[in-house]
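Student: Input: one structure, supplied below.
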Amino acid sequence: MTAAAFMTLLQGAGVTLAVSFAGILLGVPIGLGIALVRWGEVPVLRRVAAVYVSLIRSTPLVTLCLLIFFASPSIGIDIGPVSAAVLAMTLNTSAFNSEVWRGGLVSFPKDQLEAARSFGMRPSGAFRRIVFPQLWRSALPGLVNEMTLLIKGSPAIAVVGIVEVTRAAVRIGATTYEPLPPFLVATVLYIALVFGFVCLQRVSERTYGRAGASA
Amino acid sequence: MPDTSMPPAVAPPVLEIRGLTKSFGTNIVLDGVSMQVGKGQTVCLLGPSGSGKSTLLRCVNWLEPPDQGRILLSGKLMGFRDGGVVPMNGMELARARSRIGMVFQHFNLWPHLTVLQNLIEAPIHVQGRQRDEVIGEAEVLLDRVGLADKKNAFPAHLSGGQKQRVGIARALAMRPELLLFDEPTSALDPELVGEVVAVMKILAEEGSTMLVVTHEMGFAREAADEVVLLDLGRVVEIARPTEFFTKPKTERARQFLQRYVHA
Amino acid sequence: MIREFAIVWANSGQLLNGLLNTAGLAVLGMILSVLLGSLLAVLLMARSRPVSLSAQAFVDLFRCVPFLLLAYLVYFGLPSLGLNFDNWTSGLVAIVFYNTAYMAEILRGVWRGLPRDGIEAATAFGFQGWRLFLRIILPQVFLIAAPMMGNQMIQIIKDTAFLSIIAVPELTHVASGIQSQYYVPFAAFLAAVLLYWMICSLVEAGVFAVERLARERR
Ligand SMILES: Nc1ncnc2c1ncn2[C@@H]1O[C@H](COP(=O)(O)OP(=O)(O)O)[C@@H](O)[C@H]1O
Ligand SMILES: [Mg+2]
């Protein structure tokens with residue numbers, strides 16, 4: 001493998017990271033929104049949210065990418081491959097994140113909320129000042145785990161023509177007729193990426209896991 | 001006058017323990033224990049908590065391999081073969097263990113199996129006995145411990161006393177030469193102790209060979225042929241229950257009785 | 001829009017075929033990886049450090065690699081070892097390798113948390129070695145691990161969609177084919193999504209049933 005090929009793979013890794021981060025940045029708060037809708041038992045919307053989560057959780061990311069990319073022009077919006085990829089990643093991870101958030105919300109001690117109410121706090125204030133500061137600590141390990149899974153699912157975006165690590169490796173292999181070396185380098189790159197998240201998860205479990213559990 | 005010059009030609013005891021020693025690290029838990037259980041006898045092993053009673057039972061079936069000493073089951077050496085030099089391998093140990101039934105303080109039933117399946121599991125799959133025959137025997141045993149109607153229940157649905165009666169029936173289903181009981185009533189609510197003790201008394205009367213660790217002094221007094229008092233890993237006293245409970249020979253036994261009987 | 005769905009309906013035979021391939025890959029993959037994962041779990045629990053550490057390295061490696069990359073490695077790598085499989089079989093091999101690692105990790109986790117009591121009783125009753133593992137340990141582990149294994153099954157179903165990239169004729173590949181032939185992207189992929197939803201819901205229902213079984217056996 002040449003240095004140029006290696007650079008191509010590194011660029012691919014950059015794309016993988018960039019798209020994944022975009023998905024995470026959008027998907028984490030959206031997931032919280034969905035979880036709140038279901039936890040707060042907002043009429044109608046909670047049903048919609050439940051169906052959304054169930055549907056997206058059983059849809060492969062590959063299929064979702066294809067659906068968004070190819071079907072969007074037929075409803076009049078022609079989004080490019082990058083937007084399609086980010087949208088698909090966001091939809092996917094938001095559904096899983098909402099389950100993590102919801103798990104934290106469901107196990108949140110009710111008496112604390114009642115206490116906040118009895119001091120005259122409005123629901124939104126109680127959420128911001130009482131619930132959220134504890135919630136995000138207990139949800140963090142689960143959220144980081146979802147991030148790892150998203151990175152591992154990210155090769156799906158290649159189906160809409162984005163050259164991320166795996167796709168880059170395929171291309172290099174196709175030109176050199178030696179597919180294995182670029183795949184092995186790609187493997188090492190993924191291990192580095194995923195290992196970074198695994199470390200992050202261990203740290204977050206150590207730092208916040210117990211705090212969250214005892215909260 | 002009987003002729004005492006000739007040793008009587010009796011069968012060897014079902015269990016004979018000679019000079020049993022066991023330590024965990026620097027903690028000497030059993031320190032040269034010797035005792036016997038003859039055929040059809042019920043021997044109660046008494047002693048304060050931590051005196052090494054459980055460890056002694058676990059050494060008998062090699063769940064804990066002893067450091068020194070010998071365990072003889074009907075004259076056959078446990079844990080070794082070929083004249084006591086070669087340690088048994090896993091298969092041989094398993095076969096030897098299947099001759100001993102064990103009843104545990106916390107029942108230790110297999111939660112994924114029904115009551116009947118708990119009884120027939122080892123006889124079929126360890127002893128390789130005929131399924132129909134084993135089931136027939138197991139049903140009789142369940143009837144004897146008063147649980148015939150629970151044979152298809154899972155352990156999770158039973159009370160503690162029922163679980164322990166299943167535990168006893170499970171041990172009996174192995175047709176064991178020797179039954180080991182490790183505080184079979186200590187984990188039970190007081191009102192459930194009686195039903196388990198009743199079953200054990202029947203077994204003792206019917207001539208099962210039993211080594212029983214217990215704090216149920218009533219059982220020891222009424223059902224035991226012999227009482228062994230263990231303290232700090234040593235045998236302090238071996239006596240008939242009538243003598244042990246009325247005129248103990250050692251100071252240590254008197255202290256023990258003070259605490260556990262007269263308390 | 002109606003016209004789109006009519007076209008997809010006209011090709012429902014193909015979709016069904018794709019669905020069967022997806023389900024077949026997932027079921028076979030599940031069975032094989034549960035079998036191999038059980039064996040690997042034994043190695044993970046082995047008393048010998050070199051054995052358990054190398055098993056752990058194997059598991060960790062597969063848990064870091066994306067499934068598609070592994071599928072490529074198998075697809076391109078096996079021929080260079082002189083093993084020539086068709087795409088379908090390569091896909092299956094990739095599924096099995098990948099999920100064996102996950103299953104082993106799941107089973108080991110449950111096994112470690114299993115109460116010692118029942119295992120000790122089994123030892124005292126003469127169980128040991130494989131018989132102890134197969135008759136006493138594994139059934140309890142499976143009952144407790146069932147929900148996690150069900151989730152993994154759903155993951156396998158979804159991972160099969162990656163195999164469309166190496167032209168395995170599973171559901172997404174078939175939907176892709178229909179869409180490019182008639183240009184009916186929305187209807188074709190939506191049909192695929194709904195079919196995925198259906199089989200994943202089936203698996204969830206199965207898991208629910210097993211969980212009920214497990215609850216009374218605890
Ligand atoms: N597996 C073990 N490892 C270390 N120490 C043990 C173990 N089993 C028992 N012991 C120790 O051996 C001593 C006797 O324990 P045990 O036989 O359970 O006594 P008893 O049953 O008479 O209460 C205790 O001090 C206990 O801490
Ligand atoms: Mg004890």
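The values are calculated or read from the model by the stated rules, or taken from the named source; none is laboratory data. Being a predicted model, the structure only gives us computed values, none of them experimental. As a convention, Cβ positions derive from the backbone with ideal geometry for all residues, glycine included, and neighbour counts pool all protein chains shown. Note: accessible area is taken over every heavy atom of the protein model, side chains too, but ligands, DNA and RNA are not part of it. Shrake-Rupley method; radii C 1.70, N 1.55, O 1.52, S 1.80 Å.
Student: Within region B:30-43, which residues are more than 26 Å from residue B:252 (Cα to Cα) and either within 16 Å of ligand 2 (Cβ to nearest atom) or open to solvent by less than 40 Å² (accessible area, probe 1.4 Å) (or both)?
Tutor: Passing the criteria: only B:40.
Student: Going through region C:114-136 one residue at a time, which ones are farther than 18 Å from residue B:95 by Cα, facing chain B (nearest Cβ under 7 Å) and either open to solvent by less than 20 Å² (accessible area, probe 1.4 Å) or of a type in the set (A, V, I, L, M, F, W, C) (or both)?
Tutor: Within region C:114-136, C:118 is the sole residue that qualifies.
Student: Within region A:5-41, which residues are open to solvent by 70 Å² or more (accessible area, probe 1.4 Å) and within 21 Å of residue A:85 (Cα to Cα)?
Tutor: A:10, A:11, A:21, A:25, A:26, A:29, A:30
Student: Take region B:177-197 and flag every residue that is open to solvent by less than 40 Å² (accessible area, probe 1.4 Å) and either aliphatic (A, V, I, L, M) or away from ligand 2 (no atom under 12 Å from the Cβ) (or both).
Tutor: Within region B:177-197, B:178, B:179, B:180, B:185, B:188, B:192, B:193, B:196, B:197 meet the criteria.
Student: While we're looking at this one, here's another question. Take the residues of region C:137-165 that are within 12 Å of chain A (Cβ to nearest Cβ) and hydrophobic (A, V, I, L, M, F, W, C): which is most open to solvent (accessible area, probe 1.4 Å)?
Tutor: That would be C:165.
Student: Moving on. Test residue B:130 against the stated conditions and say whether it is polar (S, T, N, Q) and either more than 22 Å from residue B:173 (Cβ to Cβ) or away from ligand 2 (no atom under 16 Å from the Cβ) (or both).
Tutor: Yes: the conditions hold for residue B:130.
Student: In addition: Can you name every residue in region B:66-91 that is facing another protein chain (nearest Cβ under 10 Å) and either touching a residue at least 40 places away in the same chain (Cβ under 8 Å) or open to solvent by 40 Å² or more (accessible area, probe 1.4 Å) (or both)?
Tutor: Matches in region B:66-91: B:89, B:91.
Student: Only one of (1) within 16 Å of ligand 2 (Cβ to nearest atom); (2) within 14 Å of chain C (Cβ to nearest Cβ); (3) over 17 Å from residue C:126 (Cα atoms) is not met by residue B:115, so which one is it?
Tutor: (1)
Listed here are the residues, each with its yes/no results for (1) open to solvent by 30 Å² or more (accessible area, probe 1.4 Å); (2) among the small types (Gly, Ala, Ser).
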| residue | (1), (2) |
| --- | --- |
| A:62 | no, no |
| A:68 | no, no |
| A:71 | no, yes |
| A:83 | yes, yes |
| A:88 | no, yes |
| A:92 | no, no |
| A:99 | yes, no |
| A:102 | yes, no |
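Student: I'm trying to understand the selection: among the residues of region B:208-222, which are within 16 Å of ligand 2 (Cβ to nearest atom), of a type in the set (D, E, K, R) and either under 13 Å from the mean Cα position of the chain (by Cα) or surrounded by fewer than 18 Cβ atoms within 10 Å (Cβ to Cβ) (or both)?
Tutor: none
Student: Same structure, new question: Identify the single condition in (1) open to solvent by 60 Å² or more (accessible area, probe 1.4 Å); (2) among the hydroxyl-bearing types (Ser, Thr, Tyr); (3) over 22 Å from residue C:157 (Cβ atoms) that residue C:75 does not satisfy, given that it satisfies every other one.
Tutor: (3)
Student: Among A:158, A:116, A:126, which is closer than 22 Å to residue A:15 by Cβ, in contact with a Lys or Arg (Cβ under 8 Å, 6 or more places away or on another chain), without any contact (Cβ under 8 Å) to a residue 40 or more places away in the chain and surrounded by 14 or more Cβ atoms within 10 Å (Cβ to Cβ)?
Tutor: Step by step, each of A:158, A:116, A:126 is checked, and only A:158 is closer than 22 Å to residue A:15 by Cβ, in contact with a Lys or Arg (Cβ under 8 Å, 6 or more places away or on another chain), without any contact (Cβ under 8 Å) to a residue 40 or more places away in the chain and surrounded by 14 or more Cβ atoms within 10 Å (Cβ to Cβ).
Student: Hey, another quick one. Identify the residue in region B:44-74 that is at positive phi and away from ligand 2 (no atom under 16 Å from the Cβ) and, among all such residues, is farthest from the chain's Cα centre (by Cα).
Tutor: Here the residue is B:69.
Student: Could you tell me which of the residues B:96, B:122 is on the phi < 0 side of the Ramachandran plot and facing another protein chain (nearest Cβ under 7 Å)?
Tutor: After ruling out the rest, the residue left standing is B:122.
Student: Looking only at region B:21-42, count how many residues are in a loop (DSSP other than H, G, I, E, B) and near ligand 1 (Cβ under 9 Å from one of its atoms).
Tutor: Looking only at that region, the number is 1.
Student: Given the condition within 16 Å of ligand 1 (Cβ to nearest atom), in contact with a strand residue (DSSP E or B) (Cβ under 6 Å, 6 or more places away or on another chain) and open to solvent by less than 10 Å² (accessible area, probe 1.4 Å), answer yes or no: does some residue in region B:94-102 qualify?
Tutor: Yes, region B:94-102 has at least one match.
Student: Restricting to region B:99-108, name every residue that is assigned to a loop (DSSP other than H, G, I, E, B) and facing chain C (nearest Cβ under 7 Å).
Tutor: Matches in region B:99-108: B:104, B:106, B:108.
Student: Further, regarding this structure: Counting just the residues of region B:43-70 that are assigned to a strand (DSSP E or B) and within 12 Å of ligand 1 (Cβ to nearest atom), which one comes out nearest to residue B:260 (Cα to Cα)?
Tutor: B:46
Student: Scan region C:68-87 for residues that are more than 7 Å from chain A (Cβ to nearest Cβ) and among the hydrophobic types (A, V, I, L, M, F, W, C) and report the count.
Tutor: The total comes to 7.
Student: Scan region A:22-35 and report the pairs whose first residue is of a type in the set (Ser, Thr, Tyr) and whose second residue is buried (at least 17 other Cβ atoms within 10 Å of the Cβ), with Cβ atoms within less than 6 Å and a gap of 6+ or a chain change.
Tutor: none
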